[in-house]
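Sending over a structure as structure tokens; questions will come in a sec.
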Amino acid sequence: MRIGELARMTGTTARALRHYEQAGLISSERASNGYRRYDERAVVRVRNIRYLLSAGLTLDDVRAFLPCLDGDVAAVPPSDKGLRIALERLAILNERIATQTEARDRLEKALREKAGHRIRPVA
């Protein structure tokens, strides 16, 4: 299948697919016209990549899951290495959330002190 079809089937973009390919997570062959051609198995692989990315992992993190990207990643217990990577990523995300929360609280406090009653909460 061509890149556009794979993108539609997986809910992603051709640009993201090229990025995944450049990162070594998926592969394609070139047709005689130079277009990328993907195997049917690429659908499962791309869905698994997107699942892991949506869970907060990076492309580098996902690379550690290469051996299991062609199966049901969500249903299989993680390996020790996968678990370690996920825990490290969770710690990083928690740190970022704490930093952003502190920044928001400082800004909110400054606005209340300086603008008082003129500030309305934004949803």
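Given the residues ARG112, ARG96, which is the only one that is of a type outside the set (Gly, Ala, Ser), at pLDDT below 95, outside any loop (DSSP other than H, G, I, E, B) and not assigned by TED's automatic domain parsing to the domain that holds MET1?
Among ARG112, ARG96, only ARG112 is of a type outside the set (Gly, Ala, Ser), at pLDDT below 95, outside any loop (DSSP other than H, G, I, E, B) and not assigned by TED's automatic domain parsing to the domain that holds MET1.
Can you tell me which residue is surrounded by the fewest Cβ atoms within 10 Å (Cβ to Cβ) among those in segment 2-40 that are among the hydroxyl-bearing types (Ser, Thr, Tyr) and over 21 Å from LEU66 (Cα atoms)?
Ranking the candidates gives SER32 first.
Residues checked against (1) at positive phi; (2) touching a Ser or Thr at 6+ places or on another chain (Cβ under 9 Å):
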position: LEU17; (1), (2): no, yes
position: GLU21; (1), (2): no, yes
position: ILE26; (1), (2): no, no
position: ARG30; (1), (2): no, no
position: GLY34; (1), (2): yes, no
position: LEU66; (1), (2): no, no
position: ASP70; (1), (2): no, no
position: ILE97; (1), (2): no, no
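With a cut-off of at least 1 residues that are of a type in the set (Val, Ile, Thr) and outside the structural domain of ARG96 (by TED's automatic domain parsing), name the helices (runs of 4 or more DSSP H) lying wholly within segment 6-85.
By residue number, 42-54, 59-63.
The values are calculated or read from the model by the stated rules, or taken from the named source; none is laboratory data. For clarity, every value in this text was computed on a predicted model and none was experimentally measured. Don't worry about glycine lacking a Cβ; one is built from the backbone with ideal geometry, like all the others, and counts go over all protein chains shown.
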